[in-house]
1. Only one residue in Arg297, Arg283, Arg324 is under 27 Å from Tyr361 (Cα atoms), touching a Phe, Trp or Tyr at 6+ places or on another chain (Cβ under 7 Å) and loosely packed, with under 14 Cβ neighbours inside 10 Å. Which one?
2. When you look at Ala156, is it touching a helix residue (DSSP H, G or I) at 6+ places or on another chain (Cβ under 7 Å), in contact (Cβ under 8 Å) with a residue 60 or more places away in the chain and either part of a loop (DSSP other than H, G, I, E, B) or of a type in the set (Gly, Ala, Ser) (or both), yes or no?
3. Of the residues in region 169-216, how many are within 16 Å of ligand 2 (Cβ to nearest atom) and in a loop (DSSP other than H, G, I, E, B)?
4. Is it true that some residue in region 54-61 is in a helix (DSSP H, G or I), within 16 Å of ligand 1 (Cβ to nearest atom) and either outside the structural domain of Asp141 (by TED's automatic domain parsing) or hydroxyl-bearing (Ser, Thr, Tyr) (or both)?
5. Going by what's in this entry, would Ile58 be described as β-branched (Val, Ile, Thr) and within 15 Å of ligand 2 (Cβ to nearest atom)?
6. Find all pairs meeting these conditions: Cβ atoms under 8 angstrom apart; at least six residues apart or on different chains; first residue within region 247-269 and in contact (Cβ under 8 Å) with a residue 60 or more places away in the chain and assigned to a loop (DSSP other than H, G, I, E, B); second residue among the charged types (D, E, K, R) and more than 13 Å from ligand 1 (Cβ to nearest atom).
7. Which one is farthest from Thr355 (Cα to Cα) among residues in region 193-233 that are among the hydroxyl-bearing types (Ser, Thr, Tyr) and surrounded by fewer than 20 Cβ atoms within 10 Å (Cβ to Cβ)?
8. Taking only region 61-77 into account, find how many residues are in contact with a Ser or Thr (Cβ under 9 Å, 6 or more places away or on another chain) and either away from ligand 2 (no atom under 14 Å from the Cβ) or among the charged types (D, E, K, R) (or both).
Amino acid sequence: MKENPFIIKGYKSEKFFCDRFAETQDLLSNVANGVDTTLISPRKYGKTGLILHLFDQIRKKSLPYYTLYVDIYSTLSLEDFVKELSSSILETFPEKSSAGKKFLNFLKSLRPVFSYDGLSGSPQVSFAYSSDNDKVSTLKDLLNYLNAQNKPIVLAIDEFQQIAQYPEKNMEALLRTIIQNLHNIIFIYCGSKRRLMSEMFHSPNRPFFSSTSTLSIDKIDRDNYFGFIKEKFKENGLSISSEAIDFVLDWTKLHTFYTQCLCNHLFRRQKDITIDDVKASCREILNGESANYAQFREFLTPQQWKMLIAIAKEETLTQPTSARFLSKYNLGGATNARRMLDTLVEKELVLKETTKDRTSYRVYDVFLLRYLALEY
Ligand SMILES: Nc1ncnc2c1ncn2[C@@H]1O[C@H](COP(=O)(O)OP(=O)(O)OP(=O)(O)O)[C@@H](O)[C@H]1O
Ligand SMILES: [Mg+2]
């Protein structure tokens, strides 16, 4: 069977990557000018993909930078952060390369414990600390080591908002102080919690205030996504009607991950795709998820659940406290509705999008949105 061109995990190569020309250019320009970037978008729009695409472009164009990607989503403390950073360095600079050899020699001076991740087999490293200060100096040593390389390093830290959860309360100040002196590392801080990221980088009383250029990524341009989908089918000797593609893009609201999932599903049909195939795939996807989605009800109060369904039915909600909306779905008073809405946003079940003209709300997970609107 042919390789499915619609990937739903990570990054493969530019062939499978749609658009993001302007964003890639912006990032390349920031890198070339030594400007750090804060990269923000809702979940699953394609931040991680964009970073990996940037790194791929840096390699393809033989630009004079090392690239390093660290995902700190699962880290809970400074200690985890240091561990994740060193594991990424080990993975990026293979033992046999000269940079890898140098790094290993350097690491040995920090009294490391080496192991391998049981699942992925990737190298892991941890350190024996005698005090909290020890952790800070290990972090400093690691970053200073990176800073001293013969080429600048582009260091992307994914899910950066996570550091706000660490028990070390001064983590932001600490990092900022260390980073200020590292002129050979260009940072990309990436995150999906807009409020947390914004507070960190845009509040005057926070250490990272105004230290970076912000890049907010939006949905992929509709025409470009349309062309991409058509072309991927064509390259594989298959066709998909324009009507079918429009249906895909509407149904998934151009939310990258969901568009990719639906296209991946369609490609598996290995036939010329009509709108009826798309509708059948939509049904199959929702059937597959239904047991999972039914569980959501248990995490919410009956009123919150009712609110979630109401938002799903509206598709996009702009006036959540209007009499029309509240009475149509029997949601009670405005104050209470506002509170429920805030909770649903906090739980990341509802996406709040603010532009300069308006604030709107929609169910975050597009498949859940379609499921709720259909089932209730
Ligand atoms: N430009 C693109 N073209 C095609 N597929 C893409 C593109 N960008 C991202 N994807 C795919 O979409 C999915 C979601 O992208 P990605 O994981 O990069 O999003 P994210 O914003 O980092 O999400 P999260 O907030 O959950 O970390 C992935 O499967 C990825 O492979
Ligand atoms: Mg990501």
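The values are calculated or read from the model by the stated rules, or taken from the named source; none is laboratory data. The shown structure was predicted, so the numbers you read here are calculated from the model rather than taken from an experiment. With ideal geometry, Cβ positions are generated from the backbone for all residues, glycine too; neighbour counts draw on all protein chains shown.
1. Arg297
2. Working: touching a helix residue (DSSP H, G or I) at 6+ places or on another chain (Cβ under 7 Å): yes; in contact (Cβ under 8 Å) with a residue 60 or more places away in the chain: yes; either part of a loop (DSSP other than H, G, I, E, B) or of a type in the set (Gly, Ala, Ser) (or both): yes.
For Ala156, the condition - touching a helix residue (DSSP H, G or I) at 6+ places or on another chain (Cβ under 7 Å), in contact (Cβ under 8 Å) with a residue 60 or more places away in the chain and either part of a loop (DSSP other than H, G, I, E, B) or of a type in the set (Gly, Ala, Ser) (or both) - is met.
3. Narrowing region 169-216 to residues within 16 Å of ligand 2 (Cβ to nearest atom): 188-194, 196-197, 215-216.
Remaining after also requiring in a loop (DSSP other than H, G, I, E, B): 192-193.
Number of matching residues: 2.
4. Scanning region 54-61 turns up no residue that is in a helix (DSSP H, G or I), within 16 Å of ligand 1 (Cβ to nearest atom) and either outside the structural domain of Asp141 (by TED's automatic domain parsing) or hydroxyl-bearing (Ser, Thr, Tyr) (or both).
5. Values: β-branched (Val, Ile, Thr): yes; within 15 Å of ligand 2 (Cβ to nearest atom): no.
Considered against the rule, which asks whether it is β-branched (Val, Ile, Thr) and within 15 Å of ligand 2 (Cβ to nearest atom), Ile58 comes out as no.
6. Short answer, once both residue conditions are applied: Lys253/Arg362.
7. Residues of region 193-233 that are among the hydroxyl-bearing types (Ser, Thr, Tyr), as a first pass: 198, 203, 210-214, 216, 225.
Adding the requirement that they be surrounded by fewer than 20 Cβ atoms within 10 Å (Cβ to Cβ) leaves 198, 203, 210-214, 216.
Details: Ser198: 14, Ser203: 19, Ser210: 21, Ser211: 23, Thr212: 21, Ser213: 19, Thr214: 15, Ser216: 12 Å.
Per the stated criteria, the residue is Ser211.
8. First, pick out the residues of region 61-77 that are in contact with a Ser or Thr (Cβ under 9 Å, 6 or more places away or on another chain): 66-71.
Among the residues that remain, those that are also either away from ligand 2 (no atom under 14 Å from the Cβ) or among the charged types (D, E, K, R) (or both) are: 66-68, 71.
Summing the residues that are in contact with a Ser or Thr (Cβ under 9 Å, 6 or more places away or on another chain) and either away from ligand 2 (no atom under 14 Å from the Cβ) or among the charged types (D, E, K, R) (or both) in region 61-77 gives 4.
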